[in-house]
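To start, the structure itself, in structure tokens.
The values are calculated or read from the model by the stated rules, or taken from the named source; none is laboratory data. Everything numeric in this text was worked out from a predicted model, so none of it was measured. Please note: Cβ atoms are built from the backbone with ideal geometry, for glycine as well, and neighbour counts cover all protein chains shown.
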């Protein structure tokens, strides 16, 4: 029994002329070299990424600043501390101003309501009942409307809340029927 012999590329291509067989062998060798080059091309490549954010530079960068000019790192840290203190003070001032603004609004609203009630009482005493009802109605509608609407947010607050709200993909909002 004869065992099958492995055929060399030349043996497989006996029908081809010698020139074409050599070209085919050279092409096959070039392909093998390209494949091995591609395999080795990506060996040893390491990608490293780092992300850092904050009011002061990355510690390695801060050390480099210190090496460039002694004392520079401490100046950068002091500058960041100053900026943080300024932001806190500014936020406190804005909050205090908003509280004063709301308190003044409540006071002016109370004064207006009392003036409408007083005008209504004066009209009722002078036999002008329709005018008295009109004054009380205006006062009532203003107060009731405020209670029905609840706290009115400033338009810029509504825009911020809408952009921060995640979209619910499982239950999208449905259109309201008229």
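Restricting the first member to segment 84-103 and to residues that are part of a helix (DSSP H, G or I), and the second to residues that are at pLDDT below 95 and surrounded by 10 or more Cβ atoms within 10 Å (Cβ to Cβ), the beta-carbon pairs closer than 9 Å and six or more apart or on different chains are 84/55.
Output the residues belonging to segment 47-72 that are part of a helix (DSSP H, G or I) and either surrounded by 12 or more Cβ atoms within 10 Å (Cβ to Cβ) or in contact with a helix residue (DSSP H, G or I) (Cβ under 8 Å, 6 or more places away or on another chain) (or both).
Going through segment 47-72, the residues part of a helix (DSSP H, G or I) turn out to be 59-68, 72.
Once the filter is applied, which keeps residues that are part of a helix (DSSP H, G or I) and either surrounded by 12 or more Cβ atoms within 10 Å (Cβ to Cβ) or in contact with a helix residue (DSSP H, G or I) (Cβ under 8 Å, 6 or more places away or on another chain) (or both), segment 47-72 yields 61, 62, 63, 64, 65, 66, 72.
Determine whether segment 112-126 contains at least one residue that is at pLDDT 90 or above, exposed (fewer than 10 other Cβ atoms within 10 Å of the Cβ) and part of a helix (DSSP H, G or I). So far as segment 112-126 goes, yes, one or more of its residues are at pLDDT 90 or above, exposed (fewer than 10 other Cβ atoms within 10 Å of the Cβ) and part of a helix (DSSP H, G or I).
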